[in-house]
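Trainee: Handing you this structure, nothing more for now.
No value in this document is a laboratory result; all are computed from the given coordinates. All of these numbers come straight from a predicted model, not from anything done at the bench. Glycine gets a Cβ as well: all are built from the backbone with ideal geometry, and neighbour counts include every protein chain shown.
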Amino acid sequence: MSEEQPGSRASRYTVLPARAFGTPIVHELEIRRSRFIGHLLRVETEEQARAFIADLRRSHHEARHACSAFLLGADRDVMRSSDDGEPAGTAGLPMLEALSLRETGGSPGTVVRDLSDVCAVVVRYFGGVKLGAGGLVRAYSDAVSATLDRARLCTRQRVVLAGVDAPHAEAGRWENELRSAGYPVQETRYGAGSATLVVALPDDGRSGAAFGARIASISSGTADVRSLGTEWVDLP
């Protein structure tokens, strides 16, 4: 879990899996004798993205270019790219578009493009054959897209943490009934006088009322629901 992103309008978006926080997803393409090595890392801050880019530049110091692009935040309000010496507009921007235009879901007739918290770096080892502007645009875009194809994307959801105080003798029963009804009980905090059940609810403006009704039924109207704030979680 992480703290709420201040002022975010979106309540959910698509991210790389949690394992991609420390271990990048890597895929290599060879195009007219040049090697294009795509790297994707899940990041939460611009500092993390820039550190990743710097690390790859150091580890591939013999490469001609290490071009990059990254998106951050639920609303994708941070977008950055770099051509790193390639002709302007032939590397960083196509990479950024490959990230931002990635289709992540949608129902019939709609398309969702909401991938974020991701940094892409494409390292190029020049093979001696010039690709031209159009060829470079396709190569860098394809390198990012092909690397994304190897990622299992997941949904990041903003949730409201709801607290319900239960008598010690009833806490176990209430928890079981909530789980049976499909409510994810995050934890049970035992105090001196009562136990607090902590339940994660989608921050959608609708789930709170239904949960309140369920608690009223379970507790015979004796329990109240209080907000414990919001957090972001990766959905299983």
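Trainee: If you place +1 on the Cβ of every Lys and Arg, -1 on the Cβ of every Asp and Glu, and leave all else neutral, what size is the dipole of the chain about its Cα centre, to the nearest 20 Debye?
Mentor: Approximately 760 debye in magnitude.
Trainee: Let me ask you something else. For residue 45 and residue 129, what does the FRET efficiency come to when R0 = 35 Å and r is the distance between their Cβ atoms, rounded to the nearest 0.05? Don't skip to the end; give the middle numbers.
Mentor: Details: r = 38 Å, r/R0 = 1.08.
The computed FRET efficiency comes out at 0.40.
Trainee: Short version: ³J(HN,Hα) in whole Hz for each residue of the stretch 82-88, in order, from phi by Karplus 6.51 cos²θ - 1.76 cosθ + 1.60 (θ = phi - 60°), x for Gly and Pro, what are they?
Mentor: Whole-Hz 3J(HN,Hα) from phi for the stretch 82-88: 9, 7, 6, x, 6, x, 3.
Trainee: Taking amide H positions as placed 1.01 Å from N in the peptide plane, with prolines and chain starts having none, which residues 5 or more places from residue 73, or on another chain, fall under 5 Å of its amide H?
Mentor: 117
Trainee: Each residue of the stretch 211-217 in turn: what ³J(HN,Hα) in whole Hz from Karplus with 6.51, -1.76, 1.60 and θ = phi - 60°, glycine and Pro shown as x?
Mentor: 5, x, 5, 5, 5, 4, 5
Trainee: Give the angle, between 0 and 90 degrees and rounded to the nearest 10, that separates the Cα long axis of helix 46-59 from the longest principal axis of the Cα atoms of the chain.
Mentor: Orientation of helix 46-59: about 40 degrees from the principal axis.
Trainee: Now, a different point. Of the GluC sites (Glu not before Pro) in the stretch 48-129, which ones lie in a loop per DSSP and count no more than 15 other C-beta atoms within 10 Å?
Mentor: 62, 103
Trainee: From a point 7 Å beyond the Cα of residue 194 in the direction of its Cβ, which residues of the stretch 160-184 have a backbone N at a distance under 16 Å?
Mentor: Hits in the stretch 160-184 for residue 194 at 16 Å: 162-175.
Trainee: Which residue fluctuates most in the GNM of the chain (Cα springs below 10 Å): 22, 92, 193?
Mentor: Of 22, 92, 193, the most mobile in the Gaussian network model is 193.
Trainee: For the chain, what is the mean residue ellipticity at 222 nm derived from helices alone (per DSSP H run of n ≥ 4: -39500 (n - 2.57); sum divided by total residues; nearest 500 deg cm²/dmol)?
Mentor: One gets -9000 deg cm²/dmol as the mean residue ellipticity at 222 nm.
Trainee: Given the Cα-Cα distance of residue 216 and residue 64 and 0.36 nm per residue of separation, how much length would full extension add, in nm?
Mentor: Result for the pair: 48.2 nm of gain on full extension.
Trainee: Moving on to the next point. Rounding to the nearest 20 debye, state how big the charge dipole of the stretch 1-76 is about its Cα centre with +1 on each Lys and Arg Cβ and -1 on each Asp and Glu Cβ.
Mentor: 380 debye
Trainee: Here is a follow-up. May I ask you to list the trypsin sites (Lys or Arg not before Pro) in the stretch 36-141 that are in a DSSP loop and have at most 12 other Cβ atoms within 10 Å of their Cβ?
Mentor: Those satisfying the criteria are 130.
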